[in-house]
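Colleague: Before anything else, here's the structure in question.
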Amino acid sequence: MRLSLRPPPLPGQTWADWRAQAPRLVLGALLLTAGLSLSGSVLDRAWCLALQQSLGGWPTTWSLLTWSALGICSLLLVTCLSDGEPRRVASLLVAMVLGGLVVHAIKRSLQVDRPLAVFGPDHPVFHVIGEHLRKGSMPSGHTTTAFTVAGLMTLSVRDAVRLGGMLPTQLQRFVSAAVWTGWWLLAGLQGLSRVVVGAHWPSDVVAGAGLGLILAPLVWQLGVTQRLAQGLSRASVRPWVGGAVPVLAVLLCLLDLGTPLPAAWCAAVGGLGLLGAWRWGRILPAAHAANPLS
């Protein structure tokens, strides 16, 4: 089956469409509630120290994982992978705006101190990798972004499989399961990295994961997302998106987060930016083969 680049009519206009998102929304609400309930508890502090002590032996790995959960990094990656599915980019842009407002509203409302402010720099177990942050701990914005991205990408794959594609059914199921597992595993590791680098409590990460699980299906259904996706799919707009991708890559490499980005990673980011520019700048035919990995 061949699909137009123009996004399909957006689901979510019927009760059945919204009901299909209920499991993610309920799980997200449960995680958000659990994170808020755990915040400030003795258990929260004990888990923080235990995770740091057991997993702190790979500082570079955790630093790169936490870097990969930045909003600008997620936007770069999703954009480069979505020239044939602009709805992903549109959804992430809307989620970054709505999620940013919600996360910062909660941070300002709760004013939870970060682990460094509680344990201090001289604690025998606790350590910080990267930025030394002290305020605005609850919830984890990085984790919210990571789980939003995972949610959007898996929703996109689900819809691609539902509509049909070029792959045989069994292979399609295998590929979709592998993609689903990979995105959620990456999101979990990105959230865990926020504890290991000393930026957040476990409760912040749990709450951030819950917010991401709620945001992804909501923005995927919104009418504004469909309109933005239709705009991004226009031939006159695509080259502008392609031109913006390398700029995002350069900005990402120039960010100062307390630990320098390895040269190999800067080269990889630059290559990804050039790939995204090429993919979005192509003159595509009116039809595009459905590809859940595009």
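Read the figures in this text as sums done on the coordinates, not as results from a lab. Bear in mind that the values here come from a model prediction, so they are computed numbers and not experimental data. Heads up, the Cβs are rebuilt from the backbone with ideal geometry, glycines too, and the neighbour counts pull from every protein chain shown.
Colleague: With +1 assigned to the C-beta of every Lys and Arg and -1 to the C-beta of every Asp and Glu, and no other charges, what is the dipole magnitude of the stretch 20-231 about the Cα centre in debye, to the nearest 20? Each step should come with its number before you reach the end.
Modeller: Values: 14 positive and 8 negative charges, 72 e Å.
Charge dipole, the stretch 20-231, about its Cα centre: 340 debye, nearest 20.
Colleague: Evaluate the distance, in nm, between pseudo-label points positioned 7 Å from the Cα of Asp256 and of Val237 along their respective Cα→Cβ axes.
Modeller: 3.6 nm
Colleague: Next up: Quick one: which of 271-281, 70-80 comes out on top by average Cβ neighbours within 10 Å, and what's the full order, highest first?
Modeller: Sorting 271-281, 70-80 by mean packing, highest first, produces 70-80, 271-281.
Colleague: Round to a whole angstrom and tell me the spacing of the C-alpha centers of the stretch 230-273 and the stretch 123-145.
Modeller: Each part reduced to its Cα centre gives a spacing of 25 Å.
Colleague: So, in nm, how far is label Cys266 from label Val97 when the simple model puts each one 7 Å beyond its Cα toward the Cβ?
Modeller: Each label point lies 7 Å from its Cα, and together they span 3.4 nm.
Colleague: Applying a 10 Å radius around every beta-carbon, put 184-192, 30-38 in order of their mean neighbour count, most first.
Modeller: 184-192, 30-38
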